[in-house]
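A short write-up of the structure that comes next.
The values are calculated or read from the model by the stated rules, or taken from the named source; none is laboratory data. The structure displayed is predicted, hence computed values, not measured ones. Cβ sites come from the backbone with ideal geometry, for glycine too, and all protein chains shown count toward neighbours. We work out accessible area using only protein heavy atoms, side chains counted, and drop any ligands, DNA or RNA first. Shrake-Rupley method; radii C 1.70, N 1.55, O 1.52, S 1.80 Å.
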Amino acid sequence: MCGIVGYIGSQDATQIILRGLQRLEYRGYDSAGIAIYSQGKIEVRRDAGKISHLFELVNAAPLYGNLGIGHTRWATHGEPNARNAHPHLSSSSRIVIVHNGIVENYRSLRDELESEGVQFQSETDTEVIVQLIERYLSTSGSLISAVRKTLNEIQGAHGLVVFSQDEPDKLIAARIGNAGGVVIGLGDGENFVASDLPAILEHTRRVVFLDPQQLAVITRDTLQLQTIQGALVDWSEHQISWDPVTAEKGEYRHFMQKEIHEQVRSTTDTIAGRVDFSTAKVHLAELNLTREFAQSIRKIFIIACGTAYHVGLVGKTLIERIARIPVEVDIASEFRYRDPIIEPNTVTIAISQSGETADTLAAMAEARKKGSTLWSIVNAIGSQVMRQADGFISMQCGPEIGVASTKAYTAPLIDLYLLAVLLADLRDSISSETRFQLVSDLRRIPNLVGTCLDREAEVIEVAKLFGNVSNCLYLGRGINMPTAYEGALKLKEISYIHAEAYPAGEMKHGPIALIDKNLPIIAIAPKDPWYEKMLSQIEQAKARGAKIITVASEGDEQAKYLSDRVLWVPPTPWLLSPVTTIIPLQLLAYHIACQRGLDVDQPRNLAKSVTVE
Ligand code: AGP
């Protein structure tokens with residue numbers, strides 16, 4: 001899920017689109033392409049590699065036109081090559097599309113279209129969308145109704161732009177589910193569309209943001225918004241400030257809110273390029289991991305601080321359950337001084353968003369001194385934590401500005417899941433059936449994250465209960481125990497409310513004494529293997545008068561009955577459940593801090609990058 005840029009007007013569309021794509025390069029990608037309407041037909045240039053290479057292709061075979069779309073791609077279905085790069089044409093070459101997202105039901109749709117005789121030109125899930133539009137165009141008469149019918153059939157979260165050579169007066173853009181943004185830039189006799197503001201800010205500051213389940217019909221002079229059912233929607237224009245920081249926040253009040261909402265996209269980008277859904281194979285290229293090395297590993301240490309440490313705690317369960325390798329997780333500042341026993345054939349994984357955390361770097365040095373192989377999971381490419389390691393996994397989040405880490409929590413959870421599957425595959429410790437199931441479960445994650453974000457209004461209502469609260473207790477178990485730790489950390493650092501997290505089974509050994517009607521308890525109880533145990537602990541807390549707010553799986557009547565309020569999450573495969581259970585807790589902390597009028601993005605005493613001991 002990467003960059004989209006589109007243009008309709010009277011200027012040279014090719015240059016506007018290529019320059020827009022360049023401004024999105026920071027998001028990372030493995031291929032790029034452009035489609036221009038030129039002299040009655042659609043011309044496409046695309047290939048694997050960088051935008052500079054796309055410029056070369058366009059210089060060698062120029063494109064002239066005033067209508068077009070461009071894209072930078074991270075591969076999800078099919079390897080990065082010219083055939084799989086966007087834009088994608090329909091069979092007749094009359095319709096073209098660029099798309100961000102994963103079509104969850106692409107296999108069954110592709111089988112259906114192939115049985116009707118459609119010949120696919122790529123291995124991508126995106127091509128299914130443009131072929132479906134072509135199929136419906138033959139019966140529905142107009143591009144817009146064919147697009148609407150198609151969007152009602154595809155599952156997942158998506159941002160896309162299409163046009164047809166038979167209706168060259170318009171671009172159609174859509175945002176389905178809570179996918180990363182689609183923004184329309186308004187010009188004078190011209191209009192722009194993009195996945196991200198930086199792509200169009202050079203041309204206009206007047207923008208319209210699409211909401212989920214909305215379509216935009218964009219001509220040179222007009223903009224019409226409608227739902228995917230076809231009902232017209234009023235739109236309002238936003239004026240983007242010239243101040244670069246405010247401009248970067250776009251439609252959001254704070255970076256933290258923006259970054260929470262970016263998680264549909266960051267989880268998609270984390271999966272993209274690493275997973276081949278058709279073979280259920282995982283590729284983590286920068287680890288340089290061989291079968292022989294994977295089979296030699298006897299033990300893994302994970303070292304990190306703060307939020308990254310909580311990621312490591314989930315990683316322990318993932319690696320031990322999936323790859324059957326013993327894992328120890330250490331807070332980096334403790335590891336460096338505890339004289340850890342590091343035997344031969346040990347790998348130490350450092351996790352760090354900034355890649356410059358002093359304690360993590362020192363712990364890495366200690367592991368290195370004792371002979372461990374070093375891997376890292378980092379967001380900041382080129383940082384020391386990346387450079388000191390023998391191999392690394394990049395988080396694919398894009399820059400995280402808010403001091404409270406959000407998207408840099410969920411992305412490495414998926415990285416560790418991918419690593420666990422890869423290790424298990426190379427060590428032959430899972431059947432191919434299990435591997436297919438584990439990989440296939442990933443496909444649904446971005447949309448499940450989007451479903452959690454759709455419930456933000458309900459979280460705001462719960463946040464209102466925290467007006468006078470000064471203490472609260474988070475309870476979890478098993479793979480969602482770290483969710484409790486992370487939820488409590490989020491609340492502490494931005495709202496300054498004292499929040500403690502405890503394994504629910506430990507309550508009776510002490511913390512139960514804290515419980516009274518003034519202590520809200522936030523219980524994390526999705527339908528995972530610890531669910532029944534969590535329910536009985538919630539009952540015990542309730543019996544002592546506690547106010548219970550439960551993070552529970554949609555439709556769970558028992559959790560609803562036992563709780564004062566429920567923060568619903570969609571049912572999620574349990575090994576991936578921490579990716580969804582944390583979302584309402586990030587939103588809760590955010591809205592409580594906003595209610596208190598606090599500086600959410602720069603809380604007191606905290607720094608984004610902790611480069612001192
Ligand atoms: C999380 O919200 C905090 N900002 C903090 O705990 C952070 O995760 C920790 O300092 C580690 O930072 P790093 O990921 O950059 O190493």
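Not counting the cut sites, what is the longest span of the chain without trypsin sites (Lys or Arg not before Pro) that DSSP labels loop and that have at most 10 other Cβ atoms within 10 Å? Numbers along the way, then the final one.
Numbers: sites that count: K517, R604.
Here the longest segment lacking exposed loop sites spans 1-516.
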To the nearest 10 degrees, how steep is helix 531-543 against the longest Cα principal axis of the chain, on a 0 to 90 scale? 60 degrees
Quick one: net charge of A362's neighbours, Cβ under 10 Å, K/R +1, D/E -1? -2
At 1.4 Å probe size, with no ligands or nucleic acids counted, give the accessible surface of V439 in Å², nearest ten. 0 Å²
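Once you have a ≥ b ≥ c as the square roots of the Cα gyration tensor eigenvalues for segment 314-459, tell me rounded if a/c is under 1.5, and otherwise prolate or oblate according to whether a/b is larger than b/c.
Numbers: a/c = 2.13, a/b = 1.21, b/c = 1.76.
It comes out oblate by the Cα gyration axes.
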Near K370, which lysines are there with a Cα under 21 Å away, not counting those fewer than 8 places off in the same chain? K299
Just name one of A501, G467, P578: the one whose Cα is farthest towards the positive end of the charge dipole of segment 459-613 (beta-carbon charges, Lys/Arg +1, Asp/Glu -1). G467
For the chain, which whole-number percentage of the solvent-accessible area (1.4 Å probe, protein heavy atoms only) is attributable to carbon and sulfur atoms? 48 percent
For segment 9-72 versus segment 174-213, the gap between their alpha-carbon centres in whole angstrom: 18 Å
Sum -39500 (n - 2.57) across every DSSP H segment of at least 4 residues in the chain, then divide by the residue count to get the 222 nm mean residue ellipticity, nearest 500. -10500 deg cm²/dmol
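Take the residue pairs K407/K608; K527/K560; K508/K542; K170/K249 and return only those whose Cα atoms are more than 21 Å apart. Display every interim value, and only then the final one.
On the way: K407/K608 14 Å; K527/K560 13 Å; K508/K542 13 Å; K170/K249 29 Å.
Long pairs (Cα-Cα over 21 Å): K170/K249.
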Just to be sure I understand the model, the point goes 7 Å from the Cα along the line to the Cβ. What's the resulting L223 to K281 distance in nm? 4.4 nm
Please calculate how many Å² of accessible area segment 520-563 carries per residue, with a 1.4 Å probe and no DNA, RNA or ligand atoms counted. 44 Å²
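Using DSSP to call loops (not H, G, I, E or B), can you name the chymotrypsin sites (Phe, Trp or Tyr not before Pro) in segment 211-307 whose Cβ has at most 11 other Cβ atoms within 10 angstrom? The partial results should precede the final answer.
Numbers: sites: W235, W242, Y252, F255, F277, F293, F301; in loops: W235, W242, Y252, F277.
Passing both the DSSP loop test and the Cβ count: W242.
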Looking at the square roots a ≥ b ≥ c of the eigenvalues of the Cα gyration tensor of segment 424-568, which shape do they give, rounded for a/c under 1.5, prolate if a/b is larger than b/c, or oblate? prolate
In degrees between 0 and 90, to the nearest 10, how far off the longest principal axis of the chain does helix 13-23 point, with axes built from Cα atoms? 10 degrees
Per-residue SASA entry for T373, accessible area with 1.4 Å probe, Å² rounded to 10: 40 Å²
The size of the Cβ-based charge dipole (Lys, Arg +1; Asp, Glu -1) of segment 128-218 about the Cα centre, to the nearest 20 debye, is 260 debye
Which value in nm describes the separation of the simple spin-label points at E334 and N605, placed 7 Å from the Cα toward the beta carbon? 2.0 nm
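Rounded to the nearest whole Å², what accessible area per residue is found for segment 356-467 with the 1.4 Å probe?
Numbers: 3590 Å² over 112 residues.
Per residue, segment 356-467 has 32 Å² of solvent-accessible surface.
Can you tell me the dipole magnitude for the chain around its Cα centre, using point charges on the Cβ only (Lys, Arg +1; Asp, Glu -1), in Debye to the nearest 20? Can you show the working numbers first?
Values: 60 positive and 72 negative charges, 192 e Å.
Approximately 920 debye in magnitude.
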With r as the distance between the Cβ atoms of A543 and Y26 and R0 = 41 Å, compute the FRET efficiency 1/(1 + (r/R0)^6) and round to 0.05. 0.20
Rounded to the nearest 10, the angle in degrees between the Cα long axis of helix 358-369 and the longest principal axis of the Cα atoms of the chain comes to 80 degrees
Once label points are set 7 Å from the Cα along Cα→Cβ at both Q39 and F436, what is their separation, rounded to one decimal in nm? 4.9 nm
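If R0 is 30 Å, what FRET efficiency do you get for T246 and E613 from their C-beta distance, rounded to 0.05? Display every interim value, and only then the final one.
Working: r = 35 Å, r/R0 = 1.16.
About 0.30, to the nearest 0.05.
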For segment 477-519, dividing by residue count, accessible area per residue (probe 1.4 Å) in Å² works out to 39 Å²
In terms of the Cα gyration tensor, with a ≥ b ≥ c the square roots of its eigenvalues, is segment 56-173 rounded because a/c is under 1.5, prolate because a/b exceeds b/c, or oblate? oblate
